[in-house]
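Asker: Before anything else, here's the structure in question.
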Amino acid sequence: MAVTKRTNGKKESVTEDTIITNYMNQVLEKHQEPVSVFLFCKENKIDETTFYSFFTSLDGIRETIWIKLFENAVTSLKNDEAFATYSNRNKLLALYFTFFEILTLNRSYVYFVLKENEKGLHNLKQLRKLRNRFKKFLKEEIQAQFADKHEKIDKVAKPILTEAAWVQFLFILKFWIDDTSVGFEKTDIMIEKAVKAAFDVLDTTPLESLFDLGKFVWKERFN
């Protein structure tokens, strides 16, 4: 969907993507988030009616940005024919690596909204829709296949697994935000160790992997 606006007598198309781009650019250029829809629209010469044809609030933009980033990762994975043949462990690894590559391309924005603004990581309301989409991906691509091999994972346990995976993602996200290694190579190591530990827990052989993960986290945070 696109709405037309006039700038200096010329018609310009306003889409969801252009509003998102304007929002992200304004955040980065002014180093602060817009305080109201009115001021955001005034700053970007967008009619409020046009804005509300795409979003109901600024929170709606913030939530949609995360969904767009995640969908880019999913699309990239689905475009690779080999992805369907991956083991569940490798599917989750591929998701993390691809998603964090995309987050890195937008790190200045992500870093600001989750690290530098006054709410920081406490401002997780904007991740609500991402949480639902993330868990949906796990159910469709990983959990369904895993359940075939592990009948003991019943209807009670399945939601716990997807919620645990979401908590794991937030843990990795926080690590990436604070990562100062070149090319975020330590985040890559964290992803590998976290996924290995998670699947080893499901395979009931967790101790060695959990110890390895704990040792790595301790070294990076306290040494």
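The values are calculated or read from the model by the stated rules, or taken from the named source; none is laboratory data. The structure presented is a predicted model; accordingly, all values stated were derived computationally and were not measured. Methodologically, a virtual Cβ is constructed for each residue, glycine included, from the backbone with ideal geometry; neighbour enumeration extends over all protein chains shown. Only protein heavy atoms, including side chains, enter the accessible area calculation; ligands, DNA and RNA are left aside. Shrake-Rupley method; radii C 1.70, N 1.55, O 1.52, S 1.80 Å.
Asker: Quick one: in segment 179-205, of everything that is of a type in the set (Val, Ile, Thr) and either touching a Gly at 6+ places or on another chain (Cβ under 7 Å) or not in a helix (DSSP H, G or I) (or both), which residue is modelled with the lowest pLDDT?
Answerer: Here the answer is 205.
Every residue, every condition in (1) at pLDDT 90 or above; (2) loosely packed, with under 14 Cβ neighbours inside 10 Å, yes or no:
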{"position": "129", "(1), (2)": "yes, no"}
{"position": "135", "(1), (2)": "yes, no"}
{"position": "141", "(1), (2)": "no, no"}
{"position": "148", "(1), (2)": "no, yes"}
{"position": "162", "(1), (2)": "no, no"}
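Asker: Hey, could you check segment 67-80 for residues that are charged (D, E, K, R) and touching a residue at least 24 places away in the same chain (Cβ under 8 Å) and say which is surrounded by the fewest Cβ atoms within 10 Å (Cβ to Cβ)?
Answerer: Residue satisfying both the conditions and the ranking: 71.
Asker: Let me ask something else. Collect the residues in segment 81-110 that are open to solvent by 70 Å² or more (accessible area, probe 1.4 Å) and at pLDDT 95 or above, keeping them in residue-number order.
Answerer: Selection gives 101, 105, 108.
Asker: Please determine, by comparing only the residues of segment 111-127 that are among the aliphatic types (A, V, I, L, M) and either at pLDDT 95 or above or more than 17 Å from residue 190 (Cβ to Cβ) (or both), which one is surrounded by the fewest Cβ atoms within 10 Å (Cβ to Cβ).
Answerer: Checking each candidate, the answer is 124.
Asker: Considering every residue within segment 56-66, establish whether at least one is part of a helix (DSSP H, G or I), open to solvent by 40 Å² or more (accessible area, probe 1.4 Å) and not acidic (Asp, Glu).
Answerer: no
Asker: Just give me the residues in segment 18-54 being outside any loop (DSSP other than H, G, I, E, B), without any contact (Cβ under 8 Å) to a residue 40 or more places away in the chain and open to solvent by 60 Å² or more (accessible area, probe 1.4 Å), in sequence order.
Answerer: Of everything in segment 18-54, those that are outside any loop (DSSP other than H, G, I, E, B), without any contact (Cβ under 8 Å) to a residue 40 or more places away in the chain and open to solvent by 60 Å² or more (accessible area, probe 1.4 Å) turn out to be 21, 25, 29, 30, 38, 39, 42, 43, 48, 49, 52.
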